[in-house]
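Chemist: The structure that follows is given in the form of structure tokens.
The values are calculated or read from the model by the stated rules, or taken from the named source; none is laboratory data. The structure presented is a predicted model; accordingly, all values stated were derived computationally and were not measured. Counting neighbours? That spans all protein chains shown, and the Cβs are built from the backbone with ideal geometry, glycine included.
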Amino acid sequence: MQLHILVGTVHSNATEVAQTLAFAAADLGFDARVLPMDALTIEVFAQDAVFLLCCSTTGHGDLPDNAQTLYQSLDLQPRYLGTTSYGLVALGDSSYGDTFCGGGKAFDARLQDLGAQRIGEMCEIDAMQSDDAPTQALVWWAQWAAQLPEPQGAPSTA
């Protein structure tokens, strides 16, 4: 099974998380690819894959610059995404209050509006609570990955 990890980031924190999760996915037999959101559009969701969005937040709940094109295409080229399954890792800073993890939450709301199906709960990583985002994401990953179908040729857990 293909797992495409789409990364929206400003200071590479989300990229570090995505790379850590890609290694964890490969250990379970997934074909994991980390794709920066730069220049991606809604067309990326036409691929036969499960998607994991790793998105940081900038300013007061805003999307990173490299995620803008993808997010805008969800509005400018909307289509039904009912066959799309995704998970979400949102990075933010809780000192910003209501806009905490706003980048990831914006993607989550818009994808659900288009019919995409989120698998499990969103992982919210708070820069005020943890300076080790990859480790926090791995704890979430263990529960999230258990909800995915086993990839073909995956190591047996029995």
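Chemist: Scan (1) over 13 Å from the mean Cα position of the chain (by Cα); (2) surrounded by 14 or more Cβ atoms within 10 Å (Cβ to Cβ) for the single condition ALA22 breaks and write down its number.
Modeler: Against the list (1) over 13 Å from the mean Cα position of the chain (by Cα); (2) surrounded by 14 or more Cβ atoms within 10 Å (Cβ to Cβ), ALA22 comes up short only on (1).
Chemist: Does GLN2 qualify as being more than 18 Å from GLN112 (Cβ to Cβ), touching a residue at least 24 places away in the same chain (Cβ under 8 Å) and surrounded by fewer than 18 Cβ atoms within 10 Å (Cβ to Cβ)?
Modeler: Judged against the criteria, GLN2 is a match.
Chemist: All but one of (1) of a type in the set (A, V, I, L, M); (2) in contact with a Ser or Thr (Cβ under 7 Å, 6 or more places away or on another chain); (3) within 21 Å of ALA142 (Cβ to Cβ) hold for VAL10; state the number of the condition that does not hold.
Modeler: With respect to (1) of a type in the set (A, V, I, L, M); (2) in contact with a Ser or Thr (Cβ under 7 Å, 6 or more places away or on another chain); (3) within 21 Å of ALA142 (Cβ to Cβ), VAL10 is out only on (3).
Chemist: I'm trying to understand the selection: among the residues of the range 85-103, which are farther than 23 Å from LEU138 by Cα and touching a residue at least 24 places away in the same chain (Cβ under 8 Å)?
Modeler: SER95, TYR96, ASP98, THR99
Chemist: Those residues that are modelled with pLDDT of 95 or more and assigned to a loop (DSSP other than H, G, I, E, B), I need them from the range 23-37; list them, please.
Modeler: MET37 - this is the single residue of the range 23-37 that is modelled with pLDDT of 95 or more and assigned to a loop (DSSP other than H, G, I, E, B).
Chemist: Just a yes or no: is a residue in the range 109-128 surrounded by 16 or more Cβ atoms within 10 Å (Cβ to Cβ) and among the polar types (S, T, N, Q)?
Modeler: Within the range 109-128, none of the residues are surrounded by 16 or more Cβ atoms within 10 Å (Cβ to Cβ) and among the polar types (S, T, N, Q).
Chemist: Kindly check whether there is at least one residue in the range 75-93 that is surrounded by 12 or more Cβ atoms within 10 Å (Cβ to Cβ), assigned to a helix (DSSP H, G or I) and of a type outside the set (D, E, K, R).
Modeler: The answer is no; no qualifying residue exists.
Chemist: Something else about it: Just the residues that are surrounded by fewer than 22 Cβ atoms within 10 Å (Cβ to Cβ) and not aliphatic (A, V, I, L, M), please, taken from the range 5-19.
Modeler: HIS11, SER12, ASN13, THR15, GLU16, GLN19
Chemist: Counting just the residues of the range 147-158 that are modelled with pLDDT of 55 or more and surrounded by 11 or more Cβ atoms within 10 Å (Cβ to Cβ), which one comes out farthest from ILE119 (Cα to Cα)?
Modeler: PRO151
Chemist: Sticking with this structure for a sec: Would you confirm whether any residue within the range 55-71 is surrounded by 12 or more Cβ atoms within 10 Å (Cβ to Cβ), closer than 26 Å to ASP31 by Cβ, among the β-branched types (Val, Ile, Thr) and at pLDDT 95 or above?
Modeler: yes
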